[in-house]
Amino acid sequence: MAKRTIKTFIPEYKSAIGQDSHRFESSRSKKKLILAGIEIPESLGLKGNSDADVVLHALTNAISGVSGINILGKISDDLCLGQGITDSKAYLQRALQTLEAYSLVHVSVTIEALRPKLSKHIEAMKESLATLCGLQVNQIGITATTGEGLTAFGKGLGMQAFVIISVVSKK
């Protein structure tokens, strides 16, 4: 009698990091600050062709680290400069499409900035990211720091975000 081989699915896990940073607009600018897809009303916006959402840009870059397809660059330039799409949610959606064989299971965000104080916005940002990524709020972590004022971001010149994602292969 022949021996049967039972194939079992062993999921593959990957992690990737993304980073993005932008300077603040001048005090004369009317541009709004957008972080994780939500408006932060008490601050100047960030310089950039798009809404300059450093959180969504860093998340998009992290996804590119898994898929190997760079969204921020030629693809986002076509969307932003060519088609006039300045909402970074569109770039994130494009990046999520590249994951194909993987499911996003966790997102961890760290934002470095002197201003504005972000603690009162963290829950709303987590809810926004969960909705955008098809995750539960408990699969999103967000922290904010001034970095003790050691960098340009901690000195109030702009904002920087780092994102680490975890994904698991689909069956």
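The values are calculated or read from the model by the stated rules, or taken from the named source; none is laboratory data. Source: prediction; values computed, not measured. Methodologically, a virtual Cβ is constructed for each residue, glycine included, from the backbone with ideal geometry; neighbour enumeration extends over all protein chains shown. Heads up: the accessible areas ignore ligands, DNA and RNA and are worked out on the full protein's heavy atoms, side chains in. Shrake-Rupley method; radii C 1.70, N 1.55, O 1.52, S 1.80 Å.
All told, Ile122 meets the bar of being in a helix (DSSP H, G or I), β-branched (Val, Ile, Thr), surrounded by 18 or more Cβ atoms within 10 Å (Cβ to Cβ) and touching a residue at least 12 places away in the same chain (Cβ under 8 Å). Anything in segment 10-43 that is open to solvent by less than 50 Å² (accessible area, probe 1.4 Å) and assigned to a strand (DSSP E or B)? List them, or say none. Residues satisfying the conditions are Ala16, Gly18, Asp20, Ser21, His22, Phe24, Leu33, Ile34, Leu35, Ile38, Ile40, Ser43. Checking each residue of segment 128-144 against the condition of being assigned to a strand (DSSP E or B) and in contact with a Phe, Trp or Tyr (Cβ under 7 Å, 6 or more places away or on another chain) gives no match.
Consider Ile63 carefully, then state whether it is modelled with pLDDT of 95 or more and part of a strand (DSSP E or B). Considered against the rule, which asks whether it is modelled with pLDDT of 95 or more and part of a strand (DSSP E or B), Ile63 comes out as no.
A search for C-beta distances below 7 Å between a residue of segment 142-153 that is free of Cβ contacts under 8 Å to residues at least 60 places away in the same chain and farther than 25 Å from Gly37 by Cβ and any residue that is open to solvent by 50 Å² or more (accessible area, probe 1.4 Å) and of a type outside the set (Gly, Ala, Ser), counting only pairs 6+ apart in sequence or on different chains, returns Gly149/Leu114; Gly149/Lys155.
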